[in-house]
Amino acid sequence: MELALASAIGLLTAAGVYLLLRARSFDVILGMTLLSYATNLLIFACGRVVDGKPPVLRAFAPPTLEHYTDPLPQALVLTAIVIAFAMTAVSIVLAIRSRADNGSDHVDGSDGERLQEARNQARQQRRKRRQRA
Amino acid sequence: MMAHLPLLPILIPLFAAGLALLVEHRRFGMAPQRAIAALSLLAQLVVAVMLVRSVSGGDILVYLLGDWPARLGISLLVDRLAALMVLVSLLLAIACWVHACAGWDRRAPHFQAFFQIQLMGLNGAFLTGDLFNLFVFFEVLLIASYGLLLSGGRAGRMRAGFHFVSVNIAASTLFLMALGLLYGLLGSLNMAEMAARIAVAPAQDRALIQAAASLLLLVFCTKAALLPLSLWLPETYAHAPGSVAALFAVMTKVGLYAMLRILSLLFGSAAGALAGFAGPVLLVAGVATLALASLGVIAATRMRVLASYLVLASAATLFIAFALGRPAATSAGLYYLVHSTFAGAALFLIAHHVRRHRHGDTTVAGLSARGWIVAGLMFLVAAVSLAGLPPLSGFLGKLALLDATREHPEIWLALLLSSFIILLGLARAGTRVFWKQAPSASEVARRQSEVPGRRLEVAATVLLLGYGLAIAIAAAPLLAYTQAAAAQLAAPAQYLDHVRAQTPTLRTP
């Protein structure tokens, strides 16, 4: 169980970081979402992975510590999920607006694309000149 | 009522924000929203002054929310440092609010509500005694800052805003990871309680604690813009509207405050084997940031970019002061923090003022001869203060810092050299913008009909510069206060005593 949980967190983090470093805002948002999933699992796991124990007092379990799991990380995860959810919504709205205003979903606006276009044009012109020569 | 004093700086802006949303200005006009905001600011000012008075004797107030024991539940903690930070951010917010009331708040639909929520986040971040609660209030103030930065903005600001939002979301994710690890290792998120548990942590856990704490410091360094993590700052601040950029001058200080809190409380003298953690690394990074910021100041071609790099320079100076981990340097740093918050914000407002009245790229047209002189004088005062020339507050702050770092010649070199470069950059900006031939009277009249003069904006800038003058004149009491605050931070054991002494009581509802 620990191995599965740990490798899931590791995979999600790796994928999240990779996507976060890409140049399109859609990929960046996906990366942030994956990272937040990994974080939620990590916080949950920090309350120790236990099987079949309730976090709050229940009638069927005697009221001693060893019959319960730590409820605090679960409360923390709830807060973290809500905040991450809201932040994803904000960044999606912002990305859509930036896409509409700048005409590109490149994270640096259209600059990067223009640079690329200019390079391509220069390359083509050079090629033409060489052919003429 | 007095027992609930620490909670009021969070509750007042929360309710004011809710009320401001109800009287939306497109239906009710600006007056109700502005009245609510003014009342809220006034009430917060009264509360902040009362907080400073009640802790200036050396008391540490601990407030248990929901009456849970501090190691389990959420607690607020007010010491000298927290009270000072609340007061400083509030004084800054008043000036920014006056500036915004000159007309900016009309262009952004929910400006007043966002502004109050931003204040709630700032106050909460300064007052909380719990690391998870610090994360929550960081999010509150960030969400409000996204709103303030982006509403009413267009393409350029959207692009800069996306960078700002992405960097901050990534930093918040790291913050959560660090919190999860620290809770797993120590079993509590109350800062005073964590300090006691770090001191007795088993040797095999130390490396993990260091890793988690490094993640935490990484987050605060991102917020406070330490060198490799500072690249988001100039672009964002240069794209923010004047009054918002001025308010953001305190945002880097929140990161610095959190870093100082963690370093002094968790890794202070009581931390055993981990005492003094990360200090040397932060010192080197601070010097490097200072070098970059000075070069940025001299390379800046626009005044707002110049002001952004000056914010970076002041953050770097504070990193150097706090990383030394000695009360004398911390106290000088706290004085410098107050000064740089006000002076840096004033420069943003001046840059905004000049930009509005500038004609083309060369002269400040659109201002009458008197208005022109006023703008130039305001820039002069802010520049003298920021460069650290006598007799203003910047000089006193840098002098105290140099005095506290006598046995570190490399810090002297860095501070003095960067001050010199910043002085050059400011002098060049001043001569370029203000020492041009005055525009003709007809041109002034034409521009004035296009851009109406706004007395409130000038008044807000003068208010900020007045704060700077006030802390220069009242330097002795303020320095005495910061020295007492630094001494309090240097004795982390008493925080734990106060937190543990506060036991929950059963009350009838």
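Evaluated against (1) surrounded by fewer than 22 Cβ atoms within 10 Å (Cβ to Cβ); (2) more than 25 Å from A:L20 (Cα to Cα), B:A192 falls short on exactly one condition, (1). Return the pairs, sorted by first residue and then second, in which the second residue is part of a helix (DSSP H, G or I) and basic (K, R), the first residue lies in segment A:78-105 and is more than 9 Å from every other protein chain (Cβ to nearest Cβ), the beta carbons are less than 8 Å apart, and the residues are 6+ apart or on different chains. Pairs found: A:D105/A:R99.
Taken across segment A:29-49, residues that are more than 13 Å from the chain's Cα centre (by Cα) and more than 21 Å from B:L179 (Cα to Cα) do not occur at all. Got at least one residue in segment B:156-178 being closer than 30 Å to A:R97 by Cα, facing chain A (nearest Cβ under 9 Å) and in a loop (DSSP other than H, G, I, E, B)? No, segment B:156-178 contains no residue that is closer than 30 Å to A:R97 by Cα, facing chain A (nearest Cβ under 9 Å) and in a loop (DSSP other than H, G, I, E, B). A count restricted to segment B:128-155 and to residues that are part of a helix (DSSP H, G or I) and facing chain A (nearest Cβ under 8 Å) stands at 7. Taking segment A:40-54 as the range and being loosely packed, with under 14 Cβ neighbours inside 10 Å and either within 14 Å of chain B (Cβ to nearest Cβ) or at positive phi (or both) as the test, the residues that pass are A:R48, A:V49, A:V50, A:G52. Residue pairs whose Cβ atoms lie under 9 Å apart, separated by 6 or more positions or on different chains, with the first residue in segment B:34-57 and closer than 23 Å to B:Y481 by Cβ and the second surrounded by fewer than 14 Cβ atoms within 10 Å (Cβ to Cβ), are B:M50/B:M2; B:S54/B:M2. Taking the residues in segment B:180-189 that are under 27 Å from B:P228 (Cβ atoms) and at the interface with another protein chain (Cβ under 7 Å from one of its Cβ atoms) as candidates, determine which candidate is surrounded by the most Cβ atoms within 10 Å (Cβ to Cβ). Applying the filter and picking the extreme gives B:G180.
Every residue, every condition in (1) at pLDDT 90 or above; (2) out of contact with any His (no Cβ under 9 Å at 6 or more places or on another chain); (3) more than 30 Å from B:Q488 (Cα to Cα), yes or no:
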| position | (1), (2), (3) |
| --- | --- |
| B:G272 | no, yes, no |
| B:V284 | yes, yes, no |
| B:V287 | yes, yes, no |
| B:L295 | yes, yes, yes |
| B:T301 | no, yes, yes |
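Selection of segment B:287-320 for residues being within 23 Å of B:L247 (Cα to Cα), assigned to a helix (DSSP H, G or I) and small (G, A, S) yields B:A293, B:S294, B:G296, B:A307, B:S308, B:A313, B:S314, B:A315, B:A316. The single residue among B:A328, B:A270, B:A285 that is surrounded by fewer than 22 Cβ atoms within 10 Å (Cβ to Cβ) and under 20 Å from the mean Cα position of the chain (by Cα) turns out to be B:A285. Identification of helices (runs of 4 or more DSSP H) wholly contained in segment B:1-98 with 1 or more residues that are of a type in the set (A, V, I, L, M) and at pLDDT below 95 yields B:8-22, B:30-55. Consider segment A:55-74 and keep the residues that are within 30 Å of the chain's Cα centre (by Cα) and more than 9 Å from chain B (Cβ to nearest Cβ). The one that is nearest to A:M1 (Cα to Cα) is A:T69. Looking across A:L20, A:L30, one residue alone is of a type in the set (A, V, I, L, M, F, W, C), buried (at least 16 other Cβ atoms within 10 Å of the Cβ), within 9 Å of chain B (Cβ to nearest Cβ) and out of contact with any strand residue (DSSP E or B) (no Cβ under 7 Å at 6 or more places or on another chain). It is A:L20. Within this structure, A:L11 passes the test of being farther than 18 Å from B:A178 by Cβ, at pLDDT 95 or above and surrounded by fewer than 15 Cβ atoms within 10 Å (Cβ to Cβ). Here B:L92 meets each of (1) in contact with a Phe, Trp or Tyr (Cβ under 9 Å, 6 or more places away or on another chain); (2) within 14 Å of another protein chain (Cβ to nearest Cβ) with one exception, condition (2). In this structure, is A:A8 in contact with a helix residue (DSSP H, G or I) (Cβ under 8 Å, 6 or more places away or on another chain), over 28 Å from A:R97 (Cα atoms) and more than 8 Å from every other protein chain (Cβ to nearest Cβ)? Spelling it out, A:A8 is indeed in contact with a helix residue (DSSP H, G or I) (Cβ under 8 Å, 6 or more places away or on another chain), over 28 Å from A:R97 (Cα atoms) and more than 8 Å from every other protein chain (Cβ to nearest Cβ).
The values are calculated or read from the model by the stated rules, or taken from the named source; none is laboratory data. Since this is a predicted model, take the numbers as computed values, not measurements. Don't worry about glycine lacking a Cβ; one is built from the backbone with ideal geometry, like all the others, and counts go over all protein chains shown.
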